[in-house]
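What follows is a set of notes on a single structure, which appears directly below.
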Amino acid sequence: MKRFRIFLASLGRRTFSFPFLTPPMGILMLAAHIRKQFPGAVIKLYDQRALNASVDDVVLAANDFEPDVVGFSSMTSFGHILRPLTAALREVRPKALIAIGGPHASAFQAQALEECGADIAVVGEGELTFERVLEAYLSGGGFDAIPGLAWRDPSGDVRQNPGQMPLIMDMDSLPFPAYDLLNMQPYWTLPPMSALPVRRYVSFFTSRGCPYHCIYCHNVFGKRFRPQSAQRMAEEVEHFVRLFNVREIEFLDDMVNCDAQRILDFCDLAAKKDLKLRINLPNSLRTDILTEEVIDALVDTGLYHSSFALESGSPRIQNLMRKNLNIPKFLENVELATRKGVFANGFTMLGFPTETEEEIKSTIDVACNSTFHTATFFTVIPYPHTALYELAKQTHPDRLELISYTDSDYHNIKVNFSEVPDDVFFAHQRWAWRRFFLQPRRLIRIIRDYPQRQY
C-alpha cells in the first residue's frame, strides 16, 4: 500500500480557570484504527494543550513532519484556534488535505468548516468517516458519497452530505489506543483533569453512546450504549498498566456503569489478574442506578475518586432536561460511596430555561446537604444542535447572541437563561460556592479524605 503521512493534533491551551490535562483519547483511538486499516500510514500525534503550544508551534511541528493529511480535533471552547491555524498551515503545506473533527466539528458541522480554512469536517464518531475520507483521498475520488461529511468543493463552497455514517457496534473490534505515539510525561507532571495530585496514570474509554436523552448533550456517539466486553476492558487495562508500570487508571466514559454486569465481571477479572488498581471516574456515573454490589466491587478493585452528576435538585428541572434522575436514590448512593472511602465530586448546573429562583435554591440546598467532598456549580450553556439550544431559542433567543462559543471555556461563559434576574442569579451562584466550601465539616472531610499521591 502507498505510504502517506498523517499529522493528528488535539487543540487547546491550558488556562487559569482550566489548567488540567488528560490524554487526547479521540486522536489516540483514531490513530490506532487508521494504522490498522492503512498499513502504509505514518502517523504523528501532537497535543497542543500538553505543550501549551502556540499556533506557530503547531504549524512548525506539522510542517516539519511533511504530512499529506492533517487532522485537528477541538472542543468548541478552542474552536477559535482553527481559523488562524488552518490559514497558517495552508501557506506552508498548500497541497495537504486538512480535516477538522471532535466535539466542535460535531456540534457546528458545516458552520465549523465555513469558519476556518479546512477541507473537510468529520461529524460524529470519527473512525469510519475518516477511513472513507482517506480512501477517497488516496484513490483521487470525491467526498460527496460519505454520509454526514461536511466538505469544501473545488469552488470553495461548503457542502454537507445527507445521512450519517453507521456507528461501530463491536467496540472490541477496535485496536488498543495508540499510546506508543504519545509522550506520557506531560500527563504525569501536570495537573490531571480531576483536582487530584500529579500522578502516573493511564486513561481509557471503554464504551460509547448513552441511552438517556439529556437535552444539554450532543448526540456524537448515538443513544445506544455500545460497550467493550469486560474481557476486552481487562485485557486493555492490564496491557497498559504493565507497559507503563502504573496502578492509577481513569475511565473517561460518559456512563461507564450503564451495564452493571460488565462492571462486576471486569472487577472480577481485575482481581484474578492481580492488577492492584487505583481507579478514578472523573466524568461521573449514572448514580441512581448504582447498587451496593457494584459500589463494593468498584471499591474493592480500587475506586477512590469519582464524580457524581446531580445537575439539578429540582424534580421539575430533572424532567425538563430529560435526565429524570431519582434524586433520593442518587443521594443515597453518593453517601454509600463516601462511607466506603470514595472521594466524591459533584456536578451541578444552574440557569436552565424556565428555572425559577426556588429551583435554583433547591439545587444548591441538595448539593450543600449531600456528602459530596467537592462540587461545581456550572452555568448552563446551550450548545448548537442540542435540544437545550432549541429550548433557549424559544425562551431567550436574545441571550444566545451573547455567547461567544469559540473563544471561552465553559467556566467563563456567564449568560443566564433562567427566569431569575441576572444580578439575583449570579448572586445565588456565588453564594453556592461559598456556602458549600465554607462548611467546617466539609473542610474537615476534604482535608481528611483527599487522595494522596501513592508514588
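Quick look at the values:
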quantity	calculated
When residues of the stretch 60-76 are limited to those that are surrounded by fewer than 22 Cβ atoms within 10 Å (Cβ to Cβ) and modelled with pLDDT of 95 or more, the one nearest to LEU128 (Cα to Cα)	ASP68
Filter pass, THR338 being of a type in the set (Val, Ile, Thr) and crowded, with 17+ Cβ neighbours inside 10 Å	yes
Single condition PHE426 does not satisfy, out of (1) more than 29 Å from PRO103 (Cα to Cα); (2) buried (at least 16 other Cβ atoms within 10 Å of the Cβ)	(1)
Helices (runs of 4 or more DSSP H) lying entirely in the stretch 1-74 (those with 2 or more residues that are farther than 24 Å from ASN283 by Cα)	25-37, 55-65
Counted residues, the stretch 305-360 - those being among the aliphatic types (A, V, I, L, M) and over 28 Å from ASP423 (Cα atoms)	8
Test result for ASP274, in contact with a helix residue (DSSP H, G or I) (Cβ under 9 Å, 6 or more places away or on another chain), more than 27 Å from LEU325 (Cα to Cα) and free of Cβ contacts under 8 Å to residues at least 40 places away in the same chain	no
Number of the exception - VAL55 against (1) free of Cβ contacts under 8 Å to residues at least 60 places away in the same chain; (2) within 20 Å of LEU134 (Cβ to Cβ)	(2)
Residue that is under 27 Å from GLY126 (Cβ atoms) and either among the aliphatic types (A, V, I, L, M) or touching a Leu at 6+ places or on another chain (Cβ under 6 Å) (or both), where the choices are ASN280, ASN257	ASN257
Answer from ARG232, ARG224, ARG242 - the residue that is buried (at least 17 other Cβ atoms within 10 Å of the Cβ) and out of contact with any strand residue (DSSP E or B) (no Cβ under 6 Å at 6 or more places or on another chain)	ARG232
HIS218 vs. criteria touching a Phe, Trp or Tyr at 6+ places or on another chain (Cβ under 8 Å), touching a residue at least 12 places away in the same chain (Cβ under 8 Å) and more than 21 Å from PRO177 (Cα to Cα)	yes
Residues (in contact with a Ser or Thr (Cβ under 7 Å, 6 or more places away or on another chain) and outside the structural domain of LYS95 (by TED's automatic domain parsing)) located in the stretch 140-170	MET165
Of all residues making up the stretch 78-94, the number that are out of contact with any helix residue (DSSP H, G or I) (no Cβ under 7 Å at 6 or more places or on another chain) and either outside the structural domain of ILE27 (by TED's automatic domain parsing) or touching a residue at least 24 places away in the same chain (Cβ under 8 Å) (or both)	6
Residue count for the stretch 55-90, restricted to those that are over 14 Å from ALA118 (Cα atoms) and of a type in the set (Ser, Thr, Tyr)	2
Enumeration of residues in the stretch 341-364 that are surrounded by fewer than 19 Cβ atoms within 10 Å (Cβ to Cβ) and among the small types (Gly, Ala, Ser)	GLY341
Pair list, Cβ under 7 Å, 6 or more apart: the stretch 303-316 residue buried (at least 20 other Cβ atoms within 10 Å of the Cβ), other residue β-branched (Val, Ile, Thr) and assigned to a loop (DSSP other than H, G, I, E, B)	LEU303/VAL342; TYR304/VAL342; HIS305/VAL342; SER306/VAL342
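So that you can scan it fast, the table gives a plain yes or no per residue for (1) at pLDDT 95 or above; (2) surrounded by 23 or more Cβ atoms within 10 Å (Cβ to Cβ); (3) within 27 Å of MET184 (Cβ to Cβ):
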| site | (1), (2), (3) |
| --- | --- |
| PRO39 | no, no, yes |
| GLN48 | yes, yes, yes |
| PHE78 | no, yes, yes |
| LEU82 | yes, yes, yes |
| GLU127 | yes, no, yes |
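The values are calculated or read from the model by the stated rules, or taken from the named source; none is laboratory data. Worth saying up front: this structure is predicted, and the values here are computed from it rather than measured. So basically every Cβ, Gly included, is an ideal-geometry build from the backbone, and we count neighbours across all protein chains shown.
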